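Since the structure comes first, as structure tokens, the remarks are kept for the end.
Values in this text are rule-based calculations from the coordinates and carry no lab data. Quantities reported herein were computed from a predicted structural model and do not represent experimental measurements. We place every Cβ from the backbone using ideal geometry, glycine too, and count neighbours over all the protein chains shown.
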Amino acid sequence: MLHLLVAVLDPAADATAVGVVRALRAVMPSLDVSRLGGASLAGEDVPDITRAGPLEAALTRTPVDAALLVGGGRWQQARLGRRLRRQRVTVAAMPRTDGIQWPWAGGRLAATCDLVIASPVDDVDDLVAAGARVQRVSHPLADDVTLPLAADRAAARRELGLTEDHSVVAVCATAGAAPLRALVPLVRDAVRQVQAAGEPLQVAIGAADPTEAMALRRLFGAVPGEAMQVGAPRTSVTAADVVICGDGETTLLAALLGTPALLARRRPWRERLARMVAPRLGGRLVPFDAWANRVAADAVVPELLDEACQAPRVAEEIVSLLGHAADQARRLADVRAAVRAERAWASIARLLIDMAVDRAGAAPAQPPTVNRNS
């Protein structure tokens, strides 16, 4: 019986870990899966391998054929990978989409990891240079996002209480509430400037939590003569003619949904400081903050960062995108094609199962049940 460990190194990676476990069970129902961390995996009936003692002792009692490291930085993954390799566990890692590549961290991870599973969004040049084996897969976000037809957009507007008469600007940040709270007042001022120039707009704010939705509604305030609604992030992006994204991930969601987008973000001071000192310390700044731009390796989505993130600039970009939506839509179609090359979750599951089989030395005596249509 094959046994695979999924190690979750930070809470932000919980959703990815859940997707991997579900895909593993769909591809090979007979596979044993344990977890290290990952609170959400408890709901998937995945036992914690350390419930009976420290990791090394647990691995001695319950041998593991392969492990996947999800979340955390390269340094954290390298430290855990080294511990697992000492126990003769084959190690795979899914790197975090960091904006800075530190040379020592990449080299350490490459030395302690048998396989790096990367999406088109991930910049893994440092790992490749350090000799890591890298396998590209499609981005998991593409597995459950479909390109909206006109009827989908109309249905989303009806759900939000918006009309077809005027253009819709959505504001969304999938990374959490903080970027959205910082962005909403700026967008409010930008929308008022566009409105003063004679362009009627409706606004949709993407917020998953009802309590957060109420706070954002109050923060936005009233825009005279215009409609403003709060809804689920995906619904808001689907309904929009333009989406203003507060983080890089939302630009990829917009690309997958076929909605023209721009990124407006003021980086935290710690991130700005790290970017200032990184080149002097041998670090490399990853090109582009917008994930859609990383996939395209080009500035498909406008990026208004730090001092450039001002209401007048946002207003200019809204007007420009509304007037030239078809131009960006054509370029976003290439981004969609790049991240939809195959089913991402199933590809990740099969890579991990192949690793576990190789580590075990041979296929199990009873052939595992593998669903090749997953």
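Determine, from the Cβ-Cβ distance of Glu316 and Arg22 and an R0 of 45 Å, the FRET efficiency 1/(1 + (r/R0)^6), rounded to the nearest 0.05. Once rounded, the FRET efficiency stands at 0.55. The angle between the Cα long axis of helix 344-360 and the main principal axis of the chain comes to about 10°, on a 0 to 90 degree scale. Here r is the Cβ-Cβ distance between Asp125 and Asp298 and R0 is 25 Å; the resulting FRET efficiency, rounded to 0.05, is 0.90. If you run the Gaussian network model on the chain, springs between alpha carbon atoms under 10 Å, then out of Ala67, Ala58, Ala346 the most flexible one is Ala58.
Against the chain, whose longest principal axis comes from its Cα atoms, helix 248-257 is set at around 80 degrees.
The separation of segment 161-237 from segment 61-103, counted between C-alpha centres, amounts to 40 Å. Each Lys and Arg Cβ is given +1 and each Asp and Glu Cβ -1; about its Cα centre, the chain then shows a dipole of about 1180 debye. Given R₀ = 25 Å, FRET efficiency for Val134-Glu271 by Cβ-Cβ distance, to 0.05? Using R0 = 25 Å, I get an efficiency of 0.45. Secondary-structure-derived ellipticity at 222 nm for the chain, considering helices only, amounts to -13500 deg cm²/dmol, per-run term -39500 (n - 2.57) for DSSP H runs with n ≥ 4. The listed peptides 338-344, 239-245, ordered by packing as a protection proxy, come out as 239-245, 338-344 (highest mean of other Cβ atoms within 10 Å first).
Each of Gln76, Gly221, Ala341 was scored by the projection of its Cα onto the charge dipole of the chain, and the greatest displacement toward the positive side belongs to Gln76; charges sit on the C-beta of Lys, Arg, Asp and Glu. By the count of neighbouring beta-carbon atoms within 10 Å, fewest first, Glu249, Glu56 end up ordered Glu56, Glu249.
Backbone geometry of segment 156-168 corresponds, through the Karplus equation with coefficients 6.51, -1.76 and 1.60 at θ = phi - 60°, to 3J(HN,Hα) couplings of 5, 5, 5, 4, 8, x, 9, 9, 8, 6, 10, 5, 10 Hz, x marking Gly and Pro.
Given axes a ≥ b ≥ c from the Cα gyration tensor, I'd like to know whether segment 84-195 is rounded (a/c under 1.5), prolate (a/b larger than b/c) or oblate.
Judged from the Cα gyration tensor, segment 84-195 comes out prolate (a/c at least 1.5, a/b above b/c).
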